[in-house]
Amino acid sequence: MLSVLVCHSYFLRLDQKQIARAKPYPPLATLQVVARLRQAGHEVSFFDSMLAEGIEEYDRILKEKQPQLVLFYEDNFNFLSKMCLAAMRQAACDMIGSARRVGARIIAAGPDVSDAPAPYLKAGADLTLAGEGVATLMRLLPRLDRKPDVPNEEWMQALPGVSTLYEGKPHSAPGNHAPALMPDSGAAAWDLVDMERYRAVWMKAHGYFSLNLAASRGCPFRCTWCAKPIWGNQYLQRSAREVADEMAYMKRNFSPDHIWFADDIFGFRVDWVREFAAAIKAQSALIPFTIQTRADLVSERMAKALSEAGCQEAWLGAESGSQRVLDAMNKGTSVEEILLARERLKAAGIRVGFFIQLGYMGEEWEDIEATRQLLLAAKPDEIGVSVSYPLPGTKFYELVKAQLNGKTHWRESNDLDMMFRGTYTSDFYRTIRNFLHQQVDQQSNLGSEKSLEGRWRELLADETQFRSSHAALPGG
């Protein structure tokens, strides 16, 4: 069997916003692949870049392990990996170069690899995988095991979703479509994580320790801006008992104070959540947790079931308080549903966060005002604000790609830089973001209302000065 070093390239130190946020999580999807390779009998080692000081730590492991294969498998559950940040692409390419210098064969997989295999192949990767890539990976490994010096074209022959470099350009097998998703392989390889390193960061910054889990993969909804290079529109849910078993294992072995469920949509069905709650209670494995979900999935029964399972906080993809903008996004939810979901979750004792997106095509001042009014009416406990971010493979990207002028990714997650011609400038959206955060932070302070109203009127008076010329419109 093969000796394999599995790694990823998200270095927290390269993202100043996330350093300040100080909420690092182990690379869940990467650890799931490690577990699967172990089950197949391979000798697997692991490098976790999240809290590493630099590439030197990785180089030391390369020298020590001398692996036959280095597998770069990004954490597909981490929204920061989905953003395909330029700093992390450069880190991956530098790491690929190191692996090439020690003579290892190299496979790379992840959201950015799926969208843009060329930089990784030119850096020295033998093969890149599109989509989740696990099914294809499990067919590639026996070929390499039988013939360690197999040429790339022979290695990838007749396998969908694989690319290699040919005459300086990515070359794929005919009919290059990513295969269907593999069934789940059970718990991740948590024993390889330096838990105390993570615990120290969390305790110092927040006074508690959080770990991450996933109960499902994918999302069946079709929002225009949502990138789905890994799972497409598929949605695969693990059994409630299996998730509860993994949660119980984590509680016994690592004692986290909190769990972040990294699913795009947690639970989905009330009966699944109820079964999960029962399984957790049967194992005395209750840990407070946070989820992401959609407003239209939060019935009164769902809110109650989530509360009984231990849900402490739920984040809703509210996006906008303007129904016109929600419809343009193909979000499939209404402003009324957002308000109702907030009310139901609050009644069940669950904190609520809203994800807000500014700058979508055709958004005008009245739409931004509608978002502000949504926040005033709903009073979420917390918000996260970004600007519309066109990623390759999305309908949104196709609509604005002619305007990107060569910039297709943020370097770090705090860029908040408009990459297409929105209605307003990036600086204006940053000002709106800061205002909305302040409004939510001060919503229980009655004395701040007059000051905030005054500032909002000032923004309204000046907004024409910050308009972009030739802003993008929905549909073109």
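So, Asp462, is that one within 27 Å of Asp15 (Cβ to Cβ) and either at pLDDT below 75 or surrounded by fewer than 15 Cβ atoms within 10 Å (Cβ to Cβ) (or both) or not?
Numbers: within 27 Å of Asp15 (Cβ to Cβ): no; either at pLDDT below 75 or surrounded by fewer than 15 Cβ atoms within 10 Å (Cβ to Cβ) (or both): yes.
Against the criterion (within 27 Å of Asp15 (Cβ to Cβ) and either at pLDDT below 75 or surrounded by fewer than 15 Cβ atoms within 10 Å (Cβ to Cβ) (or both)), Asp462 does not qualify.
Residues checked against (1) crowded, with 18+ Cβ neighbours inside 10 Å; (2) in contact (Cβ under 8 Å) with a residue 24 or more places away in the chain; (3) touching a helix residue (DSSP H, G or I) at 6+ places or on another chain (Cβ under 7 Å); (4) within 15 Å of Ile265 (Cα to Cα):
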site: Phe289; (1), (2), (3), (4): yes, yes, no, yes
site: Met302; (1), (2), (3), (4): yes, yes, yes, yes
site: Leu306; (1), (2), (3), (4): yes, yes, yes, yes
site: Gly317; (1), (2), (3), (4): yes, yes, no, yes
site: Ser322; (1), (2), (3), (4): yes, yes, yes, no
site: Asn330; (1), (2), (3), (4): no, yes, no, no
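Among the residues of region 186-229, how many are part of a helix (DSSP H, G or I) and either open to solvent by 50 Å² or more (accessible area, probe 1.4 Å) or not β-branched (Val, Ile, Thr) (or both)?
Filtering region 186-229 down to residues part of a helix (DSSP H, G or I) leaves 190-192, 195-206.
Then drop every residue that is not either open to solvent by 50 Å² or more (accessible area, probe 1.4 Å) or not β-branched (Val, Ile, Thr) (or both), which leaves 190-192, 195-200, 202-206.
Here the count works out to 14.
Return yes or no: is Arg372 open to solvent by less than 20 Å² (accessible area, probe 1.4 Å), farther than 21 Å from Phe221 by Cβ and modelled with pLDDT of 95 or more? Judged against the criteria, Arg372 is a match.
Counting the residues of region 398-422 that are of a type outside the set (Asp, Glu), open to solvent by less than 40 Å² (accessible area, probe 1.4 Å) and at pLDDT below 85 gives 10. Filtered by the rule that a residue be among the basic types (Lys, Arg) and over 19 Å from Met1 (Cα atoms), region 112-164 gives a lone residue, Lys122. For region 337-360, state whether one or more residues are assigned to a loop (DSSP other than H, G, I, E, B), under 25 Å from the mean Cα position of the chain (by Cα) and over 28 Å from Ala461 (Cα atoms). Among the residues of region 337-360, at least one is assigned to a loop (DSSP other than H, G, I, E, B), under 25 Å from the mean Cα position of the chain (by Cα) and over 28 Å from Ala461 (Cα atoms), which makes the answer yes. Scanning region 153-169 for residues that are without any contact (Cβ under 8 Å) to a residue 24 or more places away in the chain and part of a strand (DSSP E or B) yields a single hit, Tyr166. The single condition from (1) out of contact with any Asp or Glu (no Cβ under 9 Å at 6 or more places or on another chain); (2) open to solvent by 20 Å² or more (accessible area, probe 1.4 Å) that Leu127 fails is (2).
Test Asp112 against the stated conditions and say whether it is of a type in the set (Asp, Glu) and surrounded by fewer than 24 Cβ atoms within 10 Å (Cβ to Cβ).
Values: of a type in the set (Asp, Glu): yes; surrounded by fewer than 24 Cβ atoms within 10 Å (Cβ to Cβ): no.
Spelling it out, it is not the case that Asp112 is of a type in the set (Asp, Glu) and surrounded by fewer than 24 Cβ atoms within 10 Å (Cβ to Cβ).
Let me spell it out: the conditions are (1) touching a Ser or Thr at 6+ places or on another chain (Cβ under 6 Å); (2) touching a residue at least 40 places away in the same chain (Cβ under 8 Å), and Ala125 meets all of them except one. Which number is the exception? Every listed condition holds for Ala125 apart from (1).
The values are calculated or read from the model by the stated rules, or taken from the named source; none is laboratory data. Computed from a prediction, not measured in an experiment: that's the story for all the values here. Positions of Cβ are generated from backbone atoms using ideal geometry, with glycine treated the same way; all protein chains shown enter the neighbour counts. With ligands, DNA and RNA removed, areas are computed over all heavy atoms of the protein, side chains included. Shrake-Rupley method; radii C 1.70, N 1.55, O 1.52, S 1.80 Å.
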